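Worksheet: the structure to be examined is printed underneath.
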Amino acid sequence: MSTALLNARVFDGSRLGDPATVVIANGLIAPPGTAAAETIDARGAALLPGLIDTHVHVTEVAHLEAAARWGVTTALDMGCWDAGIPGRLKGLPGLPDVRIAGNLANAPGSHFVKHMGFGPSSTVTGPQDATRFVADRVAEGADYIKIAVEDPKIPGTKALSPETVAAVVEAAHATGLLTIAHVVSADTLTVAVRAGADIVTHTALTSELDAAFEALLARRRVVIVPTLTMMDGVVRNIGGKLIMRVLGTLMPGMRMRYEHATATVSTFRKAGMTVLVGTDSNDNVKTPCQVPYGESIHEELRRLVDAGLTPAEALRGATSAAADTFGLADRGVIAPGRRADLLLVGGDPSADIAATRDIRGVWIGGTRVR
Ligand SMILES: [Zn+2]
């Protein structure tokens with residue numbers, strides 16, 4: 001089966017080009033001039049690479065179906081107590097392409113173990129345990145290594161030591177795997193960046209980042225997946241709880257504000273760091289906020305633009321920059337030979353990000369999503 005999209009204005013990473021023909025054949029973008037069995041007139045529409053959600057938790061086919069309908073063609077799972085749950089969702093035809101982290105590194109006695117169902121293999125007892133932890137993840141099929149960098153100043157929190165975080169990063173890199181650090185505050189961002197994590201996810205919430213952190217960023221390359229949609233949910237659902245309101249009154253440094261999350265995005269952007277689009281979509285009632293699958297990527301794009309990214313920067317954060325960061329060389333741009341992961345929308349999302357919601361068609365590996 002082959003399809004020619006006629007008169008589509010292709011997003012090139014910065015802007016829309018003039019109307020052109022894009023041919024889908026054998027699951028890939030075909031060379032220009034390739035004949036096609038079927039034609040679709042895409043006049044007035046914009047053709048984007050399929051969206052890459054760089055932070056999800058998927059456990060069911062229905063999650064992928066919802067994501068696909070909203071234009072998500074790649075879903076990067078960022079942690080599950082049983083790697084086999086998202087692992088079973090890998091490689092399903094016509095659905096978003098899944099990658100997994102499996103168990104995430106956490107401290108003995110942490111809330112991941114006590115309340116989220118993570119097993120003993122996920123806890124790292126110290127730097128000497130890092131190689132074992134990474135080997136266990138490789139054995140369960142992890143595509144990258146996720147590390148929970150928690151803040152021991154938050155009451156009741158068990159956190160990995162900075163030395164342990166650094167040892168896990170080093171062990172992951174020794175096996176050729178990227179590391180993604182879950183962070184919750186300015187201090188944990190500092191620990192993660194000093195440890196050499198490739199990617200940090202979430203933002204500071206209880207304070208802005210200071211000049212010392214900016215100086216640290218000036219010496220390091222690190223990508224951020226802010227998950228602003230989740231950060232807003234955390235502020236509303238946890239920051240509003242009585243204990244946090246009391247703590248925030250007693251200790252102003254413990255007051256959660258969404259503005260601290262958008263300020264984190266500004267700090268990274270000004271430092272020239274890549275900002276990626278990740279939603280933290282999940283339907284687990286034990287998390288601070290259940291973020292819907294699929295639709296939330298459009299909400300996240302909007303929030304990133306509100307936080308200061310240009311629409312084109314936000315779109316790159318869900319396409320080419322996401323593919324580059326995670327080594328997905330076969331996707332992220334519309335070019336001959338790449339996977340035919342495509343999103344056709346009305347209007348011009350490089351000028352008005354809300355246009356990504358006006359979905360006219362989605363293709364995953366050349367298969368149209370119905
Ligand atoms: Zn998450």
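The ellipsoid equivalent to the alpha-carbon distribution of the chain has semi-axes of 36, 22, 18 angstrom, derived from the gyration tensor eigenvalues as √(5λ) and listed largest first.
What's the extension gain from Ile85 to Glu214 if we count 0.36 nm per residue and subtract their Cα-Cα distance?
Values: separation 129, 0.36 × 129 = 46.44 nm, distance 3.86 nm.
Result: 42.6 nm gained on full extension.
The stretch between Val285 and Asp12, if pulled fully straight at 0.36 nm per residue, gains 94.4 nm over its current Cα-Cα span. Here the label points at Glu65 and Asp306, each 7 Å from Cα along the C-beta direction, are separated by 3.1 nm in the simple model. Here the simple spin-label model places points 7 Å from the Cα toward Cβ, and for Val138 and Ala20 these points are separated by 4.1 nm. Dipole of segment 51-325 computed with +1 at Lys/Arg Cβ and -1 at Asp/Glu Cβ about the Cα centre; of Gly91, Gly308, Asn284, farthest Cα towards the positive end is Gly308.
Please work out how much length the chain gains when fully extended from Thr157 to Leu92, using 0.36 nm per residue of separation minus the C-alpha to C-alpha distance, in nm with one decimal. Please list the in-between numbers first.
On the way: separation 65, 0.36 × 65 = 23.40 nm, distance 3.79 nm.
Answer, rounded to one decimal: 19.6 nm.
Taking segment 51-325 as the region of interest, the number of lysine pairs whose Cα atoms are within less than 26 Å, with members eight or more places apart or on different chains, is 15. Considering only alpha-carbon pairs that sit under 8 angstrom and 6 or more positions apart, the relative contact order computed for the chain is 20 percent. In loop segments of segment 284-370 as defined by DSSP, there are no GluC sites (Glu not before Pro) with at most 10 further C-beta atoms inside 10 Å of their C-beta. Taking the Cα centre of the chain as reference, the dipole from Cβ charges on Lys and Arg (+1) and Asp and Glu (-1) amounts to some 260 debye. Once the C-beta distance of Ala351 and Ser121 is scaled by a Förster radius of 45 Å, the resulting FRET efficiency is 0.40 to the nearest 0.05.
Only the coordinates and a few stated rules stand behind these numbers; no lab work does. As the structure is a prediction and not an experimental result, all values here were calculated from the model. Counting neighbours? That spans all protein chains shown, and the Cβs are built from the backbone with ideal geometry, glycine included.
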